[in-house]
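Structure record follows, encoded as structure tokens.
The values are calculated or read from the model by the stated rules, or taken from the named source; none is laboratory data. Given the structure is predicted, the values throughout are model-derived calculations rather than measurements. Every residue, glycine as well, gets a Cβ built from its backbone with ideal geometry; the counts of neighbours run over all protein chains shown. For accessibility, only protein heavy atoms count, side chains too; no ligands or nucleic acids. Shrake-Rupley method; radii C 1.70, N 1.55, O 1.52, S 1.80 Å.
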Amino acid sequence: MEQKKDTLLEIHDLSVSFRMYDQGLEQKDLRVISDLRLSIAPGEIVAVAGSSGSGKSLLASAILGILPENATVRGHLHYKGEELTREHQEYLRGREIALVPQSVAFLDPLMKVGKQVDGPGKKDFSSKEEKRKSLFKRLELPEKTAQLYPFQLSGGMARRVLVSTALLCEAELIIADEPTPGMSLEQALEALKMFRELANEGKAVLLITHDIDLAFEFADKVAVFYAGTTVETAPAADFLKGPEALRHPYSKALWRALPQNGFEPMEGFQPYAGNLPEGCLFAPRCPYKTRECEEKVPPVQEVRGGEVRCYHGA
């Protein structure tokens, strides 16, 4: 599959399944991501939105090649036009692709925070130290934070340290997995502003977040996930305009569920990975479903400058 020249990361038809034990000693494959599609170019922030269990964090692990041994990955993952094999992923991790992990447990409990943020090696140490001090100041981390161990940090402080670690490296693609929980609004906005500055310098940022109302202000595109697949990718500006600018019924429902938009709940639940419907994964909850929706998975269509996986997307 040929990758567009201006695309850094290209993902098509990605599926991830886990070999699990069922009743007794029988094994089965649990499909948690299916037909997922995403692309990101240098200079872009792509926000990934969706409810818990929709596959957002698993996507990050699939890109980095850090899924457990019982996982099977199929599909097309290309970075700079080159296939992301396990060996290539291992080489890129921490060099060209950096992760801001969701869990603060990624911090080494036996190493002081400053050394973890600065990274290995003595080359350009003074430059790294000055940049780290500047980052800490912007994220409202006291200067003494560098001399602390992770157990001495609050949850919000630890998350800001993780953000600093990714911002200090020279990676071209930063995957930020829920980077803002535990931060004050001002701290979260500052962190997102820093990601925006990196993108403006030509880096690419994949922002996985539940704080989508904040992400709309900083992202270029928003990819909406549902039950392990991409149902819509649209310019972030469309989410600021309102549901009439969106294409998929779930994206519109997600918009209406935001507190500032009425906090309107939607009936039904996201399907469990072990019991997915045959056709469109959203069909059981969709007010516009037809027999075709229930029988066949809809293809991705280009509609009004975005992409939507829906027979009735408009």
Considering only protein heavy atoms and a 1.4 Å probe, what is the carbon-and-sulfur percentage of the accessible area of the stretch 119-202?
53 percent
Among the listed pairs Lys133/Lys221; Lys56/Lys112; Lys193/Lys241; Lys80/Lys115; Lys115/Lys144, those beyond 23 Å (Cα-Cα)
Lys133/Lys221; Lys56/Lys112; Lys80/Lys115
For 280-293, 82-95, ranked highest to lowest by mean beta-carbon neighbours within 10 Å, the order is 280-293, 82-95
At R0 = 30 Å, how high is the FRET efficiency between Met266 and Arg19 if r is their beta carbon distance? Nearest 0.05 is fine.
0.40
So if I take the centroid of the Cα atoms in the stretch 280-304 and the same for the stretch 181-223, what is the distance between those two points in Å?
30 Å
Cα convex hull volume per residue for the stretch 168-314 (Å³):
138 Å³
Calc'd 3J(HN,Hα), the stretch 229-237, phi into Karplus 6.51 cos²θ - 1.76 cosθ + 1.60 (θ = phi - 60°), Hz, glycine/Pro = x, comes to 9, 8, 9, 7, 10, 9, x, 4, 4
Counting Lys +1, Arg +1, Asp -1, Glu -1, what net charge surrounds Ala98 among other residues with beta carbon under 13 Å of its beta carbon?
-1
Cα-based convex hull volume of the stretch 116-234 per residue, rounded to whole Å³:
126 Å³
Please state the charge dipole magnitude for the stretch 210-268, taken about the Cα centre, from unit charges on C-beta atoms (+1 on K and R, -1 on D and E), reported in debye and rounded to the nearest 20.
140 debye
In debye, nearest 20, what is the charge dipole magnitude of the chain about its Cα centre with +1 on Lys and Arg Cβ and -1 on Asp and Glu Cβ, if you could check?
580 debye
Accessible area in square angstrom per residue, the chain, 1.4 angstrom probe
51 Å²
Report the full-extension gain for the segment Arg95 to Asn70: residue separation times 0.36 nm, less the Cα-Cα distance, to one decimal in nm.
6.4 nm
For the chain, using Cα atoms only, the Rg and Dmax in Å read 20.1, 64
